[in-house]
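Here's the structure we're looking at; comments come further down.
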Amino acid sequence: MRASAELTKFLGARAVKAIEAIEDALLREHVVVALEICSDALKVVDDLDLTSYEMSPLESEDLSLWREVGPRVRHMLWIVGDAGDRLQAIFPGPGTPAEGIAAAPEIDLDAAFSMMEAGNVPEPIRDHRGLEIDLIVQRVNVDRQDSLGESITSLASMLKEDFTRFGARLQNPSVLKDKWALLGELQELHSKCSECLEAIVATLVQAFVDEDITVLLPRYTDAALRAARLRSAVVDLAYDVQRVQDAIEKLDRSQAKVFHEYMVQRMDHFVSLPTYRHLRPGDRKEFILFRIFLFNWGEGESSTQILREQVEGFSKFLEVMRAINQRRELVSHDRRYLAAVQTVLQSNLDTSRAKPYLEMVYGRSQRLDEMIRLCRESYPVDRKLLEQMVLETHAAVQTAAGPF
């Protein structure tokens, strides 16, 4: 069984070549079918664009948001759950549940309003499981193809737990009526569906290749790479917002409109990035509020001053977000890439050879970030100063807590 053109586009030609090289015809067929199941389910997940609901009024307390998005969410849960069941049927593992996960929790709104004690509601569905998923994916390799079923069962079990907890959360009427809380829950569940399905794809492919799966597959990222890309995007945005803030301080009302339009475009671009879905719900709320302000901003007597204040406030928030570089996933990641930069610089190789490694630690140090931006634009960089900054940053990361 050969991969379809659609599956080739989804996986990339090199990954498909590795799958089609599987000698066991039955195993090859099972892998192709499983990958197509994941591809189809991810299309449904991707089609549920929750950013389209972010600019609607979110302050009022009513069920309008759930009534609008609920049917689409139920459909997504059913498709993803069914995919999990079918994948486990193809690659059963130890502990495969007899009861499938496709039956997503039915949301009984009447029952929800009778359950008023918040203490009976589970904790929000976010947890720190990125590293756990990485370990599950890494458990499978060309020498351990027999562990495919075990890994797929582990990931499918995570989805089942997510669905159960999501259903329990929605039994709390305050969550259903609070549009901010509901949107956060939906975004979190949506992200976890993508994350698990992408991890299953990575698991299926990694069993038959002997190279870095994050490089091979177009859309798969491990926890460290996700955090690094999000950090980079946030730091770039913070830099641009700071420049706008500095410029607005010197402008009159007639000139402010140009910078307002730039900020609208810049925020729209950030929201369109794949990394946007990895923002924590609380952080995402600040982005949404700022975008709503920009959308509603109008020229007037005091509008320029209000724009200054809002841009300044958002700029300060982004600076606080630089703490994102302290995530556990990034500590060992940054140590590794800073060491690679040091090796290049100490080997008297051209500085440009260090650029890919420098990009991977962008956001770890403000002073080093300035040098990285110069490298991006191919400006001359003081090599000794760069070496010193990398050395200082590496020393600071060496003392940070994180996995080794």
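Some notes on this structure:
- Only one item in [x] 29.3; [y] 26.8; [z] 23.6 matches Kirkwood radius over Cα pairs in Å derived from the coordinates shown, and that item is [z].
- Whole-number percent relative contact order across the range 181-278, with pairs defined as alpha carbons under 8 Å at least 6 apart: 30 percent
- Theoretical FRET efficiency, 1/(1+(r/R0)^6), r = Cβ-Cβ of residue 141 and residue 276, R0 30 Å, to 0.05: 0.40
- Choice from 361, 264, 201 showing the highest fluctuation, given a GNM over the chain with Cα pairs closer than 10 Å: 264
- Of 248, 306, 200, the one that fluctuates the most in a GNM where the chain has Cα springs shorter than 10 Å: 306
- Here the 3J(HN,Hα) profile of the range 375-392, calculated from phi with Karplus coefficients 6.51, -1.76 and 1.60 at θ = phi - 60°, is 4, 4, 8, 6, 6, x, 10, 5, 4, 5, 5, 4, 4, 5, 5, 5, 4, 5 Hz, Gly and Pro shown as x.
- Once the chain from residue 67 to residue 27 is taken as fully extended at 0.36 nm per residue, the excess over their C-alpha distance is 10.1 nm.
- Gyration tensor (alpha-carbon) shape descriptor, the range 128-216, a/c threshold 1.5: prolate
- The range 124-272: C-alpha gyration tensor shape, a/c 1.5 cut-off, then a/b vs b/c: oblate
- Selected from 14, 277, 229 as most flexible by GNM, with the chain as the system and alpha-carbon contacts under 10 Å: 14
- Value of relative contact order over the chain, rounded to a whole percent, pairs C-alpha under 8 Å and six or more apart: 16 percent
- Taking amide H positions as modeled 1.01 Å from N, with prolines and chain starts lacking one, no residue 5 or more places away or on another chain lies under 5 Å from residue 61.
- For residue 363, nonlocal amide neighbours, meaning residues 5 or more places apart or on other chains whose placed amide H falls under 5 Å from its own, are 369.
- Listed by chain and number, the lysines whose C-alpha is less than 18 Å from the C-alpha of residue 9, apart from same-chain residues fewer than 8 away, are 17, 43.
Each reported figure results from applying straightforward, stated rules to the coordinates on display, with no laboratory input. It should be emphasised that the depicted structure is a prediction, and the values quoted were computed from it without experimental measurement. Using ideal geometry, Cβ is built from the backbone for each residue, glycine included, and neighbour counts are taken over all protein chains shown.
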